[in-house]
Every structure is written in C-alpha cells, then in structure tokens.
Amino acid sequence: MAEMQQIVLARHCDGPPVPEDFAVETLPLPEPKEGQFRLRHVWNSVDPGTRSRLSGGDSYAAALPLGKPVDGFSVGVVEASEHPDYPVGTKVFCAAGWRTHSIQSGRGFLGKVPEALVPLSAWIGVLGVPGLTAWFGLKETARFKAGDCVLVTSAAGPVGATAGQLAKAWGAARVVGIAGSDEKCRWLTEEAGFDAALNYKTTGDLTAAIHEAMQCGVDVLFDNVGNAMVDRVLPLMSMHGRICVSGQVADYNVAPEARAGIRHTAPFITHRINMQGLVVFDFMKGFPEALGEMAAMLASGRLKAKEERFDGIAAMPEAFCGLFKGENFGRRVVKVGEE
Ligand SMILES: NC(=O)c1ccc[n+]([C@@H]2O[C@H](COP(=O)([O-])OP(=O)(O)OC[C@H]3O[C@@H](n4cnc5c(N)ncnc54)[C@H](OP(=O)(O)O)[C@@H]3O)[C@@H](O)[C@H]2O)c1
C-alpha cells in the first residue's frame, strides 16, 4: 500500500523545543474526493511562530493537540486530482504542515506557482509568508515612507533580511540590522545592502551602539525579537516613530511572567510613538501583487534570499529547534520529495 509520512507533536514543549517533542508517523496515502487534490510536497518550511501552539495552552493561536501534525508551509506538485482547477502536475504553495503529502481543496492560504523564474523553495521563503510579513509589516503596520531611517531586529532571518532590503528599495535614508553573529552581520552589509549591522551579542551597550550606527534616529523599528529589544530602542525613536511588532522570538520559549518588560515608555508620549502588532494574513487580498513584485526583484537579483536546506522529513524537528538557538542563517527549508 502507498504511504505518506508526517511529523506530529509527541509531547508539549516546556521551554526551548527539542527533537524528542516530535515523532514521525507513517500513514496510508489518502485519495482526493470530488473538489480535492493530493499535493506531493517537495519543500516544507520550519517557522519560529509555530512554537506558539506547542506548549499546550492557547496563545494567539489555539494549542496544537498531541498527535496532530505540526504547522508549516509547503510547496509541491499535484499528483492526483478531482479538482478542475488543479490538474496533475500543477505546482502549488500552501499551509499544509510537516507532511510528505496533503489533501487540499484549493481554499485558504494557497496559490499556484507561476513560471519557474526562481527556485521552487522560494515560494515558502522570500515569496512565502516571511517575505509577505516583511512587505506588509513595513508598508501597512509601520507605514514606511521614503526617507525613513529603519532598524530591523533578527535581521539575518528571512523576515528581517527581506524587510531591510525592501526598505532600501523603497527609498529608506538608512537601514541598520541587528543579528547574532559577525558572519550574519557581514552578509547583511556585503550582500543584502544594509548600511550597517550590529552583533547584539558583542556590542556591549546596545542602545549606544544603535545610536551610533543609525546616525538619523529610528523612524521605523521592525521588531522580530521582543520586548528586550524594543526597550533598548525606545529611547532612540524619532518623533512620530513607528514600531512594527512582527514577532517575539526571544519570548516564545519563556513563560509570560518571566518575559522581559518595557520600561522606557515615556517616548510614547513625548515622541508620539505608535507600536502596532502585525498578523500578515490580514492582508491576504494584497498577496498576489506583493508576490509578483518580489518575484521580479528576486529573479533580477535585486532581492537576496539566503536559504539553508535540510534533507528528509525526519530532519524537520532538528531544523525547527535550531531556530531558537540562532543556528539558522536565512530560511530553513526541508526537502521531503523530488522536484
Ligand atoms: N506577524 C506575523 O504575521 C508573522 C508572520 C511570520 C513570521 N513572523 C515572525 O517574524 C519573526 C522572524 O521570523 P523568521 O522566519 O524570519 O525567523 P528568524 O528571524 O530567522 O528567527 C530565528 C532567529 O531569531 C533569532 N533569535 C532566536 N532566539 C533569539 C533570542 N533569544 N534573542 C534574539 N534573537 C533570537 C536568531 O537570530 P540571531 O542569530 O540574529 O540571534 C535566530 O536565527 C519571528 O518572530 C516570527 O514569529 C510574524
């Protein structure tokens, strides 16, 4: 009998996730019913935000029950179809989880991959949710405008690196990134076109280092890390500065009562600062246009995307756990089937 595999949550995570929190499961290959198609996954992603569903309690997303497949994004090829719009051979990206195959109905976050101008894996990376988060976080949540001075945290990750490059492309006066190694900082300035990059692990007084690197204050803080980072930047925010709360990766493994707080709140009043959270799916109507523009930028080399590739579905837990130790340098994608 034909089979598929998936990675399920074996026990709730307590603190940083470890590979033992997950298990590989083998199942019979499901057949699509009318109006459905079966997608053979080629690439799956691992995403830090997935951690929010793994502790057993509800956060902004409902808790994932034990034994259920873990969330992630996938791109693959239709291999059996009862859906008129998705014939066999169609390439599709979607939110389908850590599996080798899935049954899809053509609804939800899902799209056809257009012509092969860029690698297929890009459709779950810079042309997937990370790229869209950067695009809409900057444009809509941070209300970016040309001439802004922009600071990005976790800047070498797929969201941060794309946000910084989009800001430069859209006319930022200065873009500075914060990352956790000298190698990441070098890539940001030498490859991705950031004006400066700071290694937060070695700078000492981070607020002073940001002040010196920015040169023009901080009009936009695009934050992927959490309160500890925001608190260090607040004293440097410009008048009418905007903070996009994209993610809080430093806090995902920490109990709410133990998380860093924000103490430098006076600038909210004195500098009329706006701090706003982002859920990228609020902007789904604009996804096709944003993806079209970013695909053109990527194909022409105006947008750089770093990727780390893993092989085989069993590698997904290890690839995921490394995100919280700063091990990833760019988007982590896992090959689970042939192209
Ligand atoms: N709002 C939305 O709709 C939305 C959608 C998608 C993603 N997101 C969020 O966007 C953020 C970035 O996502 P991504 O996919 O690009 O992942 P990412 O930035 O590559 O996340 C992993 C990186 O985070 C950094 N990190 C991990 N623990 C840290 C800590 N304790 N302190 C400081 N940095 C730490 C590490 O980089 P360093 O080596 O630089 O420390 C690590 O390599 C995440 O928070 C994610 O949840 C939001």
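The values are calculated or read from the model by the stated rules, or taken from the named source; none is laboratory data. From a predicted model like this one, the values you see are computed outputs, not experimental measurements. Backbone-built Cβ (ideal geometry, glycine too); neighbour counts: all protein chains shown. For accessibility, only protein heavy atoms count, side chains too; no ligands or nucleic acids. Shrake-Rupley method; radii C 1.70, N 1.55, O 1.52, S 1.80 Å.
Laid out as a table, the results:
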| quantity | calculated |
| --- | --- |
| The chain: antiparallel DSSP beta bridges as a percent of all, rounded to 5 | 55 percent |
| Karplus-derived HN-Hα couplings along the range 217-228 (A = 6.51, B = -1.76, C = 1.60, θ = phi - 60°), whole Hz, x at Gly and Pro | x, 10, 7, 10, 9, 9, 9, 10, 10, x, 4, 4 |
| Three-way shape label, the chain, alpha-carbon gyration tensor, a/c 1.5 | prolate |
| Probe 1.4 Å - accessible area at GLU308, Å² to nearest ten | 40 Å² |
| Among GLY180, GLY241, GLY277, residue whose mean-square fluctuation peaks in a GNM of the chain (springs only between Cα atoms under 10 Å) | GLY277 |
| The chain - accessible surface per residue (Å², probe 1.4 Å) | 44 Å² |
| Top of ILE124, ILE269, ILE210 by mean-square fluctuation, Gaussian network on the chain, Cα under 10 Å | ILE269 |
| Other-chain or far-sequence residues with amide H under 5 Å of THR90's (modelled H) | VAL78 |
| Nonlocal amide H pairs with MET275, under 5 Å, H built at 1.01 Å | ILE243 |
| Karplus-derived HN-Hα couplings along the range 254-270 (A = 6.51, B = -1.76, C = 1.60, θ = phi - 60°), whole Hz, x at Gly and Pro | 10, 4, x, 6, 9, 6, 5, x, 10, 10, 7, 8, 4, x, 4, 7, 4 |
| Among GLY147, ALA161, PRO114 - extreme Cα towards positive end, dipole of the chain, charges at beta-carbon | GLY147 |
| Lone cysteines, the chain (no partner Cβ under 4.7 Å) | CYS13, CYS94, CYS185, CYS244, CYS321 |
| Residue pairs, from the table LYS112/LYS168; LYS68/LYS184; LYS145/LYS304; LYS68/LYS168; LYS168/LYS201, whose Cα atoms sit over 31 Å apart | LYS68/LYS184; LYS68/LYS168 |
| Neighbour-limited loop hits for trypsin sites (Lys or Arg not before Pro), the range 240-293 (at most 13 other Cβ within 10 Å; DSSP other than H, G, I, E, B) | ARG263, ARG272 |
| GNM top mover of SER246, SER74, SER181 - the chain, alpha-carbon springs below 10 Å | SER181 |
| Carbon + sulfur, % of accessible area of the range 129-281 - ligands and nucleic acids excluded, 1.4 Å | 50 percent |
| Between the range 155-179 and the range 44-115, the Cα center-to-center distance that results, in Å | 28 Å |
| Solvent-accessible surface (1.4 angstrom probe) belonging to ARG302, in square angstrom, nearest 10 | 150 Å² |
| 5 angstrom amide H check on VAL225, placed H, neighbours 5+ away | GLY247, VAL249 |
| Residues of the range 250-289 with amide N under 20 Å of the 7 Å Cα→Cβ point at LYS325 | 250-255 |
| GLU318 versus ALA255: modelled label distance in nm, points set 7 Å from Cα along the beta carbon direction | 3.2 nm |
| Karplus-derived 3J(HN,Hα), 6.51/-1.76/1.60, for each residue of the range 149-155, Hz, glycine and proline x | 9, 10, 10, 10, 9, 6, 6 |
